[in-house]
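What follows is one structure encoded as structure tokens, with my remarks underneath.
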Amino acid sequence: MMNTAVFGEGRLPDAPRPRYWAARELVAIGIFAAAAKLTSLLIALAGGGMNPATLLLKNLVFTTLVVVMLYKVRKQWTLLLFTTVNMLISLMLLGGSVTLIPTAFAAALLGEGAMRLAGGPKSRFGVFAGVGVSDFAAKVLSLGVSFLFARETPALVWMVVPFVMIGYIGSFAGLFTGARVVKELHHAGIIQS
């Protein structure tokens with residue numbers, strides 16, 4: 001006879017809830033965040049600092065890696081988790097600015113919302129809409145923060161605008177290269193979708 005006092009009136013004990021992200025998905029997000037930061041740093045160093053060519057290439061590679069990562073881990077809130085890990089790497093290891101953290105989170109939330117409205121992370125259009133909106137929002141919001149800090153001398157902000165536009169051209173091109181890389185990885189069997 002089973003002792004009902006242990007399980008309480010014949011009920012089985014509650015099963016543990018499944019985790020939202022599997023361990024392999026969390027590892028993939030961490031690897032892509034580290035790879036994105038490392039390649040961005042290497043491109044900037046190899047190009048001799050921040051000039052238009054390295055800025056364009058750095059944003060292109062970064063956006064390509066984000067698109068591939070979102071195809072590898074096709075769940076809602078992946079972009080926000082990637083941004084969190086990316087900001088932690090930038091802040092702790094590379095001495096990134098704390099003022100960019102709120103803009104990065106706001107851009108990631110806007111990207112997650114756009115992804116959800118465009119069909120979710122399982123939709124091809126949803127992934128590209130989320131990454132595109134996130135990149136655009138990050139650039140615009142960072143310009144807004146720059147304007148707040150340099151409001152006495154707005155000419156300084158206007159000097160930065162062309163560089164931000166060049167960076168966004170690279171990010172926009174990264175959407176297309178990301179689609180191409182995802183297609184090749186799908187043919188190779190690395191990404192199943």
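Would you pick out the residues in the stretch 33-61 that are under 21 Å from G132 (Cα atoms), open to solvent by 40 Å² or more (accessible area, probe 1.4 Å) and either in a loop (DSSP other than H, G, I, E, B) or touching a Phe, Trp or Tyr at 6+ places or on another chain (Cβ under 8 Å) (or both)?
T39, P52
I'd like to verify a number: residues in the stretch 68-86 that are in a helix (DSSP H, G or I) and either in contact with a Lys or Arg (Cβ under 8 Å, 6 or more places away or on another chain) or over 15 Å from A138 (Cβ atoms) (or both), how many? Full working, then the answer.
The first filter runs over the stretch 68-86 and keeps only residues in a helix (DSSP H, G or I), leaving 68-72, 78-86.
Among the residues that remain, those that are also either in contact with a Lys or Arg (Cβ under 8 Å, 6 or more places away or on another chain) or over 15 Å from A138 (Cβ atoms) (or both) are: 68-72, 78, 81, 85-86.
Residues flagged as in a helix (DSSP H, G or I) and either in contact with a Lys or Arg (Cβ under 8 Å, 6 or more places away or on another chain) or over 15 Å from A138 (Cβ atoms) (or both) within the stretch 68-86 amount to 9.
Before we move on, is A28 open to solvent by less than 40 Å² (accessible area, probe 1.4 Å), in a helix (DSSP H, G or I) and more than 22 Å from Y168 (Cβ to Cβ)?
yes
Would you be able to tell me the number of residues in the stretch 69-88 that are within 13 Å of G30 (Cα to Cα), open to solvent by less than 50 Å² (accessible area, probe 1.4 Å) and touching a residue at least 60 places away in the same chain (Cβ under 8 Å)?
Kept after step one, since they are within 13 Å of G30 (Cα to Cα), are these residues of the stretch 69-88: 69-70, 72-73, 78-88.
Applying the additional criterion that residues be open to solvent by less than 50 Å² (accessible area, probe 1.4 Å) yields 69-70, 73, 78-87.
With touching a residue at least 60 places away in the same chain (Cβ under 8 Å) added as a condition, the list becomes 70, 81.
Number of matching residues: 2.
Give me the pairs: first residue in the stretch 17-37 and modelled with pLDDT under 90, second residue basic (K, R), beta-carbon distance under 9 Å, and six or more apart or on different chains, which are they?
Once the first residue is modelled with pLDDT under 90 and sits in the stretch 17-37, its partners that are basic (K, R) give Y20/K75; W21/K75.
The values are calculated or read from the model by the stated rules, or taken from the named source; none is laboratory data. The model shown is predicted, which means the values in this text are computed figures rather than measured ones. Neighbour counts are summed over all protein chains in view; Cβ atoms, including those assigned to glycine, are modelled from backbone coordinates with ideal geometry. The accessibility values were calculated without ligands, DNA or RNA, using every heavy atom of the protein model including side chains. Shrake-Rupley method; radii C 1.70, N 1.55, O 1.52, S 1.80 Å.
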